[in-house]
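A.B. asks: The structure that follows is given in the form of structure tokens.
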Amino acid sequence: MPPDRTLAVRPVTRSDAEAIAALYRPYVEQTSGNFEYEPPDAAEVAGRIASHPGHPWLVALAAPADPADDTLAGFAYVQPLRSRAAYQWTVETSVYAAAPGRGVGGLLMRALFDACVVGGWRQAFAGSALPNEASVALHERLGFVRVGTFSRGRVQTPMLGRRRLVAPRARRHRSLGTTAAG
């Protein structure tokens with residue numbers, strides 16, 4: 001579904017932290033899909049943005065009649081999936097929209113994938129707390145393939161999805177001398 005307003009996607013700036021914190025607050029307070037107990041304030045959001053330099057954070061701004069009054073429609077970002085060296089080309093994605101179901105998430109994620117390819121990352125992962133049909137549908141439309149779930153008793157079951165950002169290339173396995181797709 002295309003966005004219902006004209007949107008501009010751009011890299012995040014420090015001045016976006018307050019609007020991001022405000023947009024994210026209801027996700028933390030009213031849902032369990034983000035796995036946070038307390039909503040971060042603007043200072044915490046700014047710290048998160050700064051914590052992984054080079055990892056893209058993007059915002060979508062709704063263009064109102066007055067260009068000086070852009071409204072945050074959503075944000076998306078990537079962070080390292082794991083800290084070990086073998087994961088250096090893999091990221092975890094997150095996306096949040098002010099009004100889900102209007103195409104903002106897809107727009108942001110496609111722009112995020114482009115930024116990730118430019119940055120050299122090869123695959124992206126995403127997690128969704130289940131049940132969350134809208135999130136699963138969005139990620140499947142974007143090419144994520146379900147690769148597993150984590151069972152945590154009576155707690156939500158997060159779904160893990162993976163999407164290649166670039167086509168695999170043949171590489172020689174160091175220890176075996178064999179060729180494998182990667």
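The values are calculated or read from the model by the stated rules, or taken from the named source; none is laboratory data. All values reported here derive from a predicted model rather than from experimental measurement. As a convention, Cβ positions derive from the backbone with ideal geometry for all residues, glycine included, and neighbour counts pool all protein chains shown. The area values use the complete protein model at the heavy-atom level, side chains included, leaving out ligands, DNA and RNA. Shrake-Rupley method; radii C 1.70, N 1.55, O 1.52, S 1.80 Å.
A.B. asks: Just to be sure before I move on: is residue 62 modelled with pLDDT of 95 or more and within 15 Å of residue 20 (Cβ to Cβ) in the structure I sent?
C.D. replies: Numbers: modelled with pLDDT of 95 or more: no; within 15 Å of residue 20 (Cβ to Cβ): yes.
When the stated conditions are applied, residue 62 does not pass them.
A.B. asks: While we're looking at this one, here's another question. Find all pairs meeting these conditions: Cβ atoms under 8 angstrom apart; at least six residues apart or on different chains; first residue within the range 18-31 and more than 15 Å from residue 77 (Cα to Cα); second residue among the acidic types (Asp, Glu).
C.D. replies: Matching pairs, first to second residue: 28/36; 28/38.
A.B. asks: Out of (1) touching a strand residue (DSSP E or B) at 6+ places or on another chain (Cβ under 9 Å); (2) open to solvent by 50 Å² or more (accessible area, probe 1.4 Å); (3) touching a residue at least 24 places away in the same chain (Cβ under 8 Å), what's the single condition that is false for residue 117?
C.D. replies: Tallying (1) touching a strand residue (DSSP E or B) at 6+ places or on another chain (Cβ under 9 Å); (2) open to solvent by 50 Å² or more (accessible area, probe 1.4 Å); (3) touching a residue at least 24 places away in the same chain (Cβ under 8 Å), residue 117 fails exactly one: (1).
A.B. asks: Quick check, is residue 68 modelled with pLDDT of 90 or more and out of contact with any helix residue (DSSP H, G or I) (no Cβ under 6 Å at 6 or more places or on another chain)?
C.D. replies: Details: modelled with pLDDT of 90 or more: no; out of contact with any helix residue (DSSP H, G or I) (no Cβ under 6 Å at 6 or more places or on another chain): yes.
It is false that residue 68 is modelled with pLDDT of 90 or more and out of contact with any helix residue (DSSP H, G or I) (no Cβ under 6 Å at 6 or more places or on another chain).
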